[in-house]
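One structure is given below, encoded as structure tokens.
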Amino acid sequence: MTNYVIIGTGAAGVSAAETLRKHDSQGKITLIGEERDGYYSRPGLAYILTSEIPESQIFPFSAEDFQHLKLRWVTDSAQKIDRQSHKILLSSGEALPYDRLLIATGAEARGTKVPGVELQGVVKLDNVEDARRILRLCKKARAAVVVGGGITALELVEGLIHLGLEVHFFLRGDRYWGNVLDETESKIVEHRLQEEGVVLHYHTELEEIIGKRGGLFGGGELRVGAVRTVAGENIPCDMVAIAIGIAPRIRLAKEAGLKTDRGVLVNEFLQTDDPNIYAAGDVAQVFDPVSGKTVIDSLWDPARLQGQAAAMNMVGKRTVYRKEFALNVTRLAGLTTTIIGAIGGREPDDDTIGIVRGDSETWREIPEAIAAQSNFDVNRIRLMVGENTLVGAILIGDQKLSQPIHQLVARQVDITPIRAQLLSPDVRLGELIAAFWEHVR
Amino acid sequence: MNLQQFFKPEQTRRSALSEGQVVPNSSRCVQCGICSYHCPISIDVRRHAWLGEPVKASRCLTCGECVARCPRGVLRFERTSLFEK
């Protein structure tokens, strides 16, 4: 009987457990997770802040679903992987033996060293507890400063606006998410934020978070009272939300002597350099056949597919993980946005370090392609036109063509018949793509 | 209101039921559960999206709430009618 251990209870870990059970009805499966809340939809946190769903809704599996998997669930923190003795050491002191191990520890929000980050009222949006904290603080808070970039920063901005706060969004440069979006797209998002009442501060960097004593007569706990910018401006606020990016949680792997880079390095079987140890999800750095590099995604579906592929290999059924074109459909300032493939933002983004949640390193690849674009208001399409295929695309606003464009990129459909038209200056991309899709679907 | 008008909504619902079903594109789903939350008859649409299965439940009203509410374009109607009109 094989002893399978999975560290991490996110999409990768849970889908791996499902796959293991499906293909090995006898094996012992242990799932180790630090979070008491267990498995939940991390992307769903944003929708709790906007009151679209209650917190109870983000848990996709019932207790019964887990019972069917016949696994042991351990809520504890894995401290060490002992590769010699094939054991995981837990905080509780227990040593869990393994035959095959999956590291699916995910990623965590990066911290910042700005003075005052320890103050009550400084928040992030990384887990359910963070969402709860924000909702609690918002009952009393009036104004918030959001620092960072990418999707999570906007989720915080949107959530806090919805919760009735005055929101100040700091951008270090002159536009939002410059290494993924082009200038027009950044402007569309920024304009929309301003319409919602968000105060954008360009070329603004946080210098210090200033505390004040809560309670009557200045007693009580020290909490956020204002921020000071590098330029010396003081902005009074009760909350500071930080989303400057995420870092794969590679500590365990690194200390165990496994090969790591930005993430845990794996081969096409999602196997680390120890044949009994695999990695999947946000923590794994996998081979991307398109760019020829090893990359990290922080996306739900790749995490899930990697969990499944790793599990197949763990039960001894050799399965190659083929990374697909990275896709996310998300909301930027209330505008539904589809991002797929390489769309090569050409500027660095000083608001973030590495990637953010809902992000893929592959999006930043600058493809050998020409951009075809239509519309410059809230509904925008930008296609990256390669030699005979579309290598990437972004759609903001109107999503009627989201599925067709997703399929054209993912299946690498030959676009030769319309390539010249795509690149003609007065093209109506929407109509052209819709007609082409009807023809090739 | 005449009798014909009175029965029209039911007729529309029946024709929708016989012609279409909700189909997920799992690669877009993040399991947030907005679909299941808004289903008026509590079908766990999210589970269907996780399993990549169409919502075949005969109870499904094909009311379109889940399709419209999904923030990520996971769900769509697909015709199931074997015979084109």
Pair list, Cβ < 7 Å and 6+ apart or interchain, from the range B:28-48 residues that are away from chain A (no Cβ under 12 Å) to residues that are among the small types (Gly, Ala, Ser): B:Ile43/B:Ala57
Residues of the range A:157-179 being touching a strand residue (DSSP E or B) at 6+ places or on another chain (Cβ under 7 Å) and in a loop (DSSP other than H, G, I, E, B), in sequence order, are A:Leu165, A:Leu171
Given the conditions (1) small (Gly, Ala, Ser); (2) under 24 Å from A:Ala311 (Cβ atoms); (3) surrounded by fewer than 22 Cβ atoms within 10 Å (Cβ to Cβ), and given that A:Ala104 satisfies all but one, which numbered condition is not satisfied? (3)
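Yes or no, residue by residue, for (1) of a type in the set (S, T, N, Q); (2) within 12 Å of chain B (Cβ to nearest Cβ):
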{"position": "A:Arg262", "(1), (2)": "no, no"}
{"position": "A:Val266", "(1), (2)": "no, no"}
{"position": "A:Phe269", "(1), (2)": "no, no"}
{"position": "A:Tyr278", "(1), (2)": "no, no"}
{"position": "A:Gly281", "(1), (2)": "no, no"}
{"position": "A:Gln306", "(1), (2)": "yes, no"}
{"position": "A:Arg318", "(1), (2)": "no, no"}
{"position": "A:Thr330", "(1), (2)": "yes, yes"}
Any idea which of A:Leu154, A:Leu102, A:Leu163 is closer than 24 Å to A:Leu332 by Cα, aliphatic (A, V, I, L, M) and in contact with a helix residue (DSSP H, G or I) (Cβ under 6 Å, 6 or more places away or on another chain)? A:Leu163
Scanning the range A:341-382 residue by residue, the ones that are touching a helix residue (DSSP H, G or I) at 6+ places or on another chain (Cβ under 7 Å) and of a type in the set (Ser, Thr, Tyr) total 2
I'd like to check something: does the range A:30-52 contain any residue that is more than 27 Å from A:Cys138 (Cα to Cα), among the aliphatic types (A, V, I, L, M) and either assigned by TED's automatic domain parsing to the domain that holds A:Gly8 or modelled with pLDDT under 95 (or both)? yes
Selection within the range B:38-47 - over 11 Å from the mean Cα position of the chain (by Cα), assigned to a helix (DSSP H, G or I) and under 11 Å from A:Pro60 (Cα atoms): B:Arg46, B:Arg47
Working only within the range A:133-168, note down all residues that are basic (Lys, Arg) and over 20 Å from A:Ile246 (Cα atoms). A:Arg136, A:Lys139, A:Lys140, A:Arg142
Subset of the range B:49-70, residues surrounded by 16 or more Cβ atoms within 10 Å (Cβ to Cβ) and either within 14 Å of chain A (Cβ to nearest Cβ) or over 30 Å from A:Thr19 (Cβ atoms) (or both), comes to B:Ala49, B:Trp50, B:Thr62, B:Glu65, B:Cys66, B:Val67, B:Arg69, B:Cys70
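Consider the range A:82-110. How many of its residues are assigned to a loop (DSSP other than H, G, I, E, B) and free of Cβ contacts under 8 Å to residues at least 40 places away in the same chain?
6
Being hydroxyl-bearing (Ser, Thr, Tyr), more than 12 Å from chain B (Cβ to nearest Cβ) and either assigned to a loop (DSSP other than H, G, I, E, B) or within 19 Å of the chain's Cα centre (by Cα) (or both) is the filter here, so list the residues in the range A:34-81 that pass it.
Residue satisfying the conditions is A:Ser77 alone.
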How about the range A:120-157: which of its residues are crowded, with 24+ Cβ neighbours inside 10 Å and acidic (Asp, Glu)? A:Glu155
Being outside the structural domain of A:Arg331 (by TED's automatic domain parsing), basic (Lys, Arg) and touching a strand residue (DSSP E or B) at 6+ places or on another chain (Cβ under 8 Å), is that true of even one residue in the range A:186-197? yes
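Across the range B:17-37, what is the number of residues that are in contact with a strand residue (DSSP E or B) (Cβ under 8 Å, 6 or more places away or on another chain) and either in a helix (DSSP H, G or I) or at pLDDT below 90 (or both)?
The qualifying residues number 5.
Answer with yes or no whether B:Gly73 is surrounded by 19 or more Cβ atoms within 10 Å (Cβ to Cβ), out of contact with any Leu (no Cβ under 8 Å at 6 or more places or on another chain) and on the phi > 0 side of the Ramachandran plot.
Here the answer is yes, as B:Gly73 does meet what is asked.
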Starting from the range A:185-196, keep only residues that are over 13 Å from A:Phe169 (Cα atoms), then list their pairs with residues that are part of a helix (DSSP H, G or I) whose Cβ atoms are within a distance under 8 Å, requiring at least 6 positions of separation or different chains. none
What's the number of the only condition in (1) more than 30 Å from A:Leu160 (Cβ to Cβ); (2) more than 20 Å from the chain's Cα centre (by Cα); (3) part of a helix (DSSP H, G or I); (4) not β-branched (Val, Ile, Thr) that A:Ala16 fails to meet? (2)
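The values are calculated or read from the model by the stated rules, or taken from the named source; none is laboratory data. What you are looking at is a predicted structure, and each value in this text was computed from that prediction instead of being measured. Glycine also receives a Cβ, built like all others from the backbone with ideal geometry; neighbour counts cover every protein chain displayed.
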